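Here is the structure we will look at.
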(Lines give C-alpha, C1' and ligand atoms only; values in the text may rest on other atoms or scores of the structure.)
Protein backbone atom coordinates (compact mmCIF):
# COMPACT_ATOMS: atom_id res chain seq x y z
CA UNK A 1 0.00 0.00 0.00
CA UNK A 2 1.16 3.54 -0.74
CA UNK A 3 0.98 6.43 1.75
CA UNK A 4 1.07 10.09 0.83
CA UNK A 5 3.12 12.45 2.96
CA UNK A 6 4.00 16.11 3.18
CA UNK A 7 6.87 17.95 4.78
CA UNK A 8 6.55 21.39 6.31
CA UNK A 9 8.87 23.85 7.99
CA UNK A 10 7.20 24.82 11.26
CA UNK A 11 7.59 28.01 13.33
CA UNK A 12 8.78 29.97 10.30
CA UNK A 13 7.26 31.88 7.40
CA UNK A 14 9.95 30.92 4.87
CA UNK A 15 11.40 27.79 3.32
CA UNK A 16 14.38 26.14 5.01
CA UNK A 17 13.80 27.87 8.34
CA UNK A 18 12.01 26.53 11.39
CA UNK A 19 11.73 22.86 12.30
CA UNK A 20 11.20 20.34 9.47
CA UNK A 21 8.29 17.94 9.98
CA UNK A 22 7.02 14.95 8.02
CA UNK A 23 3.23 14.51 8.05
CA UNK A 24 1.23 11.44 6.99
CA UNK A 25 -2.38 12.69 6.77
CA UNK A 26 -3.89 9.21 6.24
CA UNK A 27 -1.85 6.75 8.30
CA UNK A 28 -4.52 4.06 8.73
CA UNK A 29 -3.00 0.60 8.31
CA UNK A 30 0.50 1.45 9.52
CA UNK A 31 1.71 -0.48 12.55
CA UNK A 32 3.60 1.09 15.44
CA UNK A 33 6.79 -0.59 14.21
CA UNK A 34 6.30 0.78 10.70
CA UNK A 35 5.69 4.28 12.07
CA UNK A 36 8.92 4.09 14.04
CA UNK A 37 10.81 2.80 11.00
CA UNK A 38 9.43 5.62 8.85
CA UNK A 39 10.38 8.24 11.46
CA UNK A 40 13.88 6.78 11.59
CA UNK A 41 14.07 6.89 7.80
CA UNK A 42 13.10 10.58 7.67
CA UNK A 43 15.44 11.22 10.63
CA UNK A 44 13.74 14.54 11.44
CA UNK A 45 13.11 15.67 14.99
CA UNK A 46 9.57 14.31 14.65
CA UNK A 47 7.27 12.62 12.17
CA UNK A 48 3.51 12.74 12.76
CA UNK A 49 0.96 10.14 11.70
CA UNK A 50 -2.66 11.28 11.48
CA UNK A 51 -5.50 8.86 12.12
CA UNK A 52 -9.30 9.09 12.47
CA UNK A 53 -10.47 10.33 15.89
CA UNK A 54 -11.17 7.90 18.70
CA UNK A 55 -13.49 10.21 20.66
CA UNK A 56 -16.56 12.27 19.81
CA UNK A 57 -14.70 15.51 20.58
CA UNK A 58 -11.59 14.72 18.55
CA UNK A 59 -11.01 16.01 15.03
CA UNK A 60 -8.06 13.68 14.39
CA UNK A 61 -5.84 11.30 16.38
CA UNK A 62 -2.09 11.96 16.26
CA UNK A 63 0.86 9.68 16.87
CA UNK A 64 4.22 11.43 17.06
CA UNK A 65 7.62 9.74 16.67
CA UNK A 66 11.20 10.92 16.97
CA UNK A 67 13.87 8.82 15.21
CA UNK A 68 14.03 6.66 18.35
CA UNK A 69 10.74 6.75 20.26
CA UNK A 70 7.08 7.77 20.36
CA UNK A 71 6.09 10.93 22.25
CA UNK A 72 2.82 11.66 24.10
CA UNK A 73 2.94 15.29 22.94
CA UNK A 74 5.09 17.59 20.83
CA UNK A 75 4.53 21.16 19.76
CA UNK A 76 5.75 21.45 16.20
CA UNK A 77 4.01 18.23 15.07
CA UNK A 78 0.76 19.49 16.60
CA UNK A 79 0.76 22.94 14.97
CA UNK A 80 2.32 21.55 11.77
CA UNK A 81 -0.27 18.79 11.43
CA UNK A 82 -3.09 21.32 11.88
CA UNK A 83 -1.53 23.56 9.23
CA UNK A 84 -1.22 20.75 6.66
CA UNK A 85 -4.72 19.38 7.34
CA UNK A 86 -6.14 22.84 6.71
CA UNK A 87 -3.91 23.50 3.70
CA UNK A 88 -4.94 20.32 1.85
CA UNK A 89 -8.62 20.84 2.57
CA UNK A 90 -9.07 18.18 5.26
CA UNK A 91 -10.18 20.91 7.70
CA UNK A 92 -12.68 23.40 6.24
CA UNK A 93 -11.76 27.01 6.94
CA UNK A 94 -15.16 28.68 7.04
CA UNK A 95 -14.09 31.57 9.29
CA UNK A 96 -10.94 33.57 9.94
CA UNK A 97 -10.40 31.45 13.08
CA UNK A 98 -11.24 27.77 13.39
CA UNK A 99 -10.76 25.43 16.37
CA UNK A 100 -9.93 21.73 16.04
CA UNK A 101 -9.15 19.11 18.68
CA UNK A 102 -6.25 16.70 18.22
CA UNK A 103 -6.08 13.54 20.32
CA UNK A 104 -2.58 12.91 21.69
CA UNK A 105 -1.03 10.91 24.49
CA UNK A 106 -1.47 13.83 26.91
CA UNK A 107 -5.16 14.13 26.05
CA UNK A 108 -7.20 16.38 23.80
CA UNK A 109 -5.17 19.32 22.46
CA UNK A 110 -7.10 22.34 21.20
CA UNK A 111 -5.57 24.03 18.14
CA UNK A 112 -6.62 27.39 16.70
CA UNK A 113 -6.15 27.90 12.95
CA UNK A 114 -6.08 31.45 11.62
CA UNK A 115 -6.69 31.82 7.91
CA UNK A 116 -6.63 34.45 5.19
CA UNK A 117 -8.59 33.99 1.96
CA UNK A 118 -9.21 30.34 2.83
CA UNK A 119 -5.55 29.47 3.49
CA UNK A 120 -4.01 28.79 6.93
CA UNK A 121 -1.47 31.39 8.06
CA UNK A 122 -1.00 30.63 11.78
CA UNK A 123 -1.69 27.67 14.06
CA UNK A 124 -1.67 27.75 17.86
CA UNK A 125 -2.02 24.94 20.38
CA UNK A 126 -3.42 25.19 23.89
CA UNK A 127 -1.62 22.98 26.40
CA UNK A 128 -3.58 19.96 27.59
CA UNK A 129 -1.52 19.74 30.79
CA UNK A 130 -0.45 22.51 33.13
CA UNK A 131 3.18 22.51 34.32
CA UNK A 132 4.66 19.96 36.68
CA UNK A 133 7.92 20.95 38.41
CA UNK A 134 10.95 19.18 39.87
CA UNK A 135 14.11 20.46 41.53
CA UNK A 136 15.71 17.01 41.53
CA UNK A 137 18.49 17.97 39.14
CA UNK A 138 22.31 17.92 39.06
CA UNK A 139 24.29 20.82 40.56
CA UNK A 140 24.77 23.88 38.36
CA UNK A 141 28.54 23.35 38.35
CA UNK A 142 28.13 19.87 36.85
CA UNK A 143 25.64 21.13 34.27
CA UNK A 144 28.09 23.86 33.24
CA UNK A 145 30.83 21.31 32.61
CA UNK A 146 28.37 19.18 30.60
CA UNK A 147 27.65 22.22 28.42
CA UNK A 148 31.33 23.25 28.10
CA UNK A 149 30.58 26.45 30.03
CA UNK A 150 31.71 28.06 33.26
CA UNK A 151 29.38 27.94 36.29
CA UNK A 152 29.31 31.74 36.17
CA UNK A 153 27.62 31.51 32.73
CA UNK A 154 24.51 29.94 34.30
CA UNK A 155 21.85 31.46 36.56
CA UNK A 156 19.44 28.71 37.60
CA UNK A 157 17.89 25.42 36.51
CA UNK A 158 14.65 23.52 37.00
CA UNK A 159 12.84 20.57 35.42
CA UNK A 160 9.36 21.30 34.06
CA UNK A 161 6.86 19.26 32.04
CA UNK A 162 3.61 19.98 30.22
CA UNK A 163 3.52 16.42 28.92
CA UNK A 164 7.22 16.02 28.03
CA UNK A 165 9.82 16.89 30.72
CA UNK A 166 12.68 19.28 29.98
CA UNK A 167 15.58 20.48 32.09
CA UNK A 168 15.53 24.26 31.76
CA UNK A 169 18.88 25.97 32.31
CA UNK A 170 18.99 29.75 32.25
CA UNK A 171 22.20 31.31 30.94
CA UNK A 172 23.22 34.89 31.56
CA UNK A 173 23.91 35.88 27.94
CA UNK A 174 23.56 35.03 24.26
CA UNK A 175 27.34 34.66 24.22
CA UNK A 176 27.04 31.73 26.63
CA UNK A 177 24.50 30.04 24.33
CA UNK A 178 26.84 30.51 21.38
CA UNK A 179 29.62 28.67 23.25
CA UNK A 180 27.60 25.62 24.25
CA UNK A 181 28.97 22.22 23.25
CA UNK A 182 27.12 19.33 24.85
CA UNK A 183 29.46 16.67 26.25
CA UNK A 184 27.63 13.44 25.41
CA UNK A 185 29.45 11.27 27.94
CA UNK A 186 28.71 13.70 30.77
CA UNK A 187 25.09 14.02 29.63
CA UNK A 188 24.81 10.23 29.82
CA UNK A 189 26.22 10.17 33.34
CA UNK A 190 24.14 13.08 34.63
CA UNK A 191 20.83 12.93 32.80
CA UNK A 192 20.23 9.82 30.70
CA UNK A 193 18.14 8.25 33.50
CA UNK A 194 16.67 11.49 34.84
CA UNK A 195 12.98 12.49 34.77
CA UNK A 196 13.98 15.39 32.52
CA UNK A 197 16.80 14.27 30.24
CA UNK A 198 16.25 16.79 27.41
CA UNK A 199 18.25 20.00 27.95
CA UNK A 200 16.70 23.39 27.12
CA UNK A 201 19.19 26.21 27.53
CA UNK A 202 17.92 29.78 27.26
CA UNK A 203 18.74 33.39 27.94
CA UNK A 204 16.64 36.52 28.32
CA UNK A 205 19.12 38.36 26.08
CA UNK A 206 17.90 37.52 22.54
CA UNK A 207 19.13 38.84 19.22
CA UNK A 208 15.92 40.28 17.76
CA UNK A 209 14.35 43.38 19.35
CA UNK A 210 10.94 41.70 19.07
CA UNK A 211 12.06 38.59 20.97
CA UNK A 212 12.24 38.05 24.71
CA UNK A 213 13.98 34.64 24.81
CA UNK A 214 16.83 32.97 22.90
CA UNK A 215 17.08 29.19 23.27
CA UNK A 216 18.73 25.93 22.24
CA UNK A 217 17.48 22.38 22.90
CA UNK A 218 19.43 19.10 23.03
CA UNK A 219 17.73 15.69 23.39
CA UNK A 220 20.19 12.81 22.88
CA UNK A 221 17.77 10.43 24.58
CA UNK A 222 15.22 11.06 21.82
CA UNK A 223 17.75 10.80 19.01
CA UNK A 224 17.80 14.60 18.55
CA UNK A 225 21.30 16.12 18.59
CA UNK A 226 19.84 19.65 18.55
CA UNK A 227 16.33 20.85 17.75
CA UNK A 228 15.67 24.04 15.78
CA UNK A 229 12.24 24.71 17.34
CA UNK A 230 10.66 22.89 20.28
CA UNK A 231 6.99 23.64 20.90
CA UNK A 232 6.58 21.25 23.83
CA UNK A 233 9.56 22.87 25.54
CA UNK A 234 8.21 26.35 24.82
CA UNK A 235 4.97 25.25 26.50
CA UNK A 236 6.83 24.16 29.62
CA UNK A 237 9.07 27.26 29.51
CA UNK A 238 5.91 29.30 30.03
CA UNK A 239 5.56 27.40 33.28
CA UNK A 240 9.15 28.12 34.24
CA UNK A 241 8.95 31.85 33.46
CA UNK A 242 5.34 32.31 34.52
CA UNK A 243 5.94 30.85 37.97
CA UNK A 244 8.70 33.44 38.50
CA UNK A 245 6.78 36.42 37.12
CA UNK A 246 5.74 39.35 39.27
CA UNK A 247 2.46 39.39 37.32
CA UNK A 248 -0.16 37.50 39.35
CA UNK A 249 -3.18 38.21 37.16
CA UNK A 250 -3.23 38.66 33.39
CA UNK A 251 -1.57 37.25 30.27
CA UNK A 252 2.16 37.01 29.70
CA UNK A 253 3.67 36.84 26.22
CA UNK A 254 7.11 35.77 25.00
CA UNK A 255 8.57 35.47 21.52
CA UNK A 256 11.22 32.74 21.51
CA UNK A 257 13.96 32.64 18.91
CA UNK A 258 15.56 29.23 18.41
CA UNK A 259 17.58 27.46 15.74
CA UNK A 260 19.84 30.36 14.76
CA UNK A 261 22.99 28.36 15.56
CA UNK A 262 21.72 25.62 13.17
CA UNK A 263 20.87 28.05 10.34
CA UNK A 264 17.20 27.14 10.93
CA UNK A 265 15.84 30.38 12.45
CA UNK A 266 12.53 29.81 14.21
CA UNK A 267 10.08 32.07 16.04
CA UNK A 268 7.61 30.70 18.58
CA UNK A 269 4.83 32.79 20.11
CA UNK A 270 4.02 31.80 23.69
CA UNK A 271 1.29 33.03 26.04
CA UNK A 272 0.41 32.12 29.62
CA UNK A 273 -2.73 33.15 31.48
CA UNK A 274 -2.22 33.70 35.21
CA UNK A 275 -4.97 33.98 37.83
CA UNK A 276 -4.03 34.77 41.44
CA UNK A 277 -0.49 33.60 40.76
CA UNK A 278 -1.62 30.29 39.21
CA UNK A 279 -0.97 29.43 35.56
CA UNK A 280 -4.34 28.51 34.10
CA UNK A 281 -3.64 28.28 30.35
CA UNK A 282 -0.64 28.13 27.99
CA UNK A 283 -0.66 28.67 24.24
CA UNK A 284 2.13 28.16 21.68
CA UNK A 285 1.85 29.07 18.03
CA UNK A 286 3.58 30.11 14.85
CA UNK A 287 3.60 30.08 11.09
CA UNK A 288 4.36 27.09 8.86
CA UNK A 289 5.20 26.58 5.19
CA UNK A 290 4.71 23.58 2.91
CA UNK A 291 8.00 22.24 1.56
CA UNK A 292 7.27 19.07 -0.39
CA UNK A 293 4.78 16.31 -1.13
CA UNK A 294 5.59 12.69 -1.79
CA UNK A 295 4.51 9.05 -1.75
CA UNK A 296 5.83 6.25 0.44
CA UNK A 297 5.46 3.14 -1.66
CA UNK A 298 5.18 -0.55 -1.07
CA UNK A 299 4.13 -0.96 2.57
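Which of (1) within 29 Å of residue 201 (Cβ to Cβ); (2) crowded, with 20+ Cβ neighbours inside 10 Å; (3) in contact (Cβ under 8 Å) with a residue 40 or more places away in the chain does residue 46 not meet, given it meets every other one?
Exception for residue 46: condition (3).
Could you tell me how many of the residues in region 69-90 are in a loop (DSSP other than H, G, I, E, B) and either within 20 Å of residue 287 (Cα to Cα) or modelled with pLDDT under 95 (or both)?
5
Output the residue which, of all residues in region 122-147 that are out of contact with any helix residue (DSSP H, G or I) (no Cβ under 9 Å at 6 or more places or on another chain) and under 23 Å from residue 287 (Cα atoms), is surrounded by the fewest Cβ atoms within 10 Å (Cβ to Cβ).
By that ranking, first place goes to 126.
Out of everything in region 259-274 that is in contact with a helix residue (DSSP H, G or I) (Cβ under 8 Å, 6 or more places away or on another chain) and free of Cβ contacts under 8 Å to residues at least 60 places away in the same chain, what residue ends up being nearest to residue 76 (Cα to Cα)?
Per the criteria, the residue is 270.
Looking at (1) within 18 Å of residue 235 (Cα to Cα); (2) out of contact with any strand residue (DSSP E or B) (no Cβ under 8 Å at 6 or more places or on another chain); (3) in contact (Cβ under 8 Å) with a residue 40 or more places away in the chain, can you tell me which one residue 277 breaks?
The failed condition is (3).
Looking only at helices (runs of 4 or more DSSP H) that fall completely inside region 148-249, which ones have 3 or more residues that are surrounded by fewer than 20 Cβ atoms within 10 Å (Cβ to Cβ) and free of Cβ contacts under 8 Å to residues at least 60 places away in the same chain?
Details: elements: 174-178, 184-191, 231-243.
Ranges flagged: 184-191.
Out of (1) in a loop (DSSP other than H, G, I, E, B); (2) buried (at least 18 other Cβ atoms within 10 Å of the Cβ), what's the single condition that is false for residue 256?
(1)
The values are calculated or read from the model by the stated rules, or taken from the named source; none is laboratory data. Everything quoted here is computed from the prediction, not taken from an experiment. In this analysis, Cβ positions are derived from the backbone assuming ideal geometry, glycine residues included, and neighbour counts consider all displayed protein chains.
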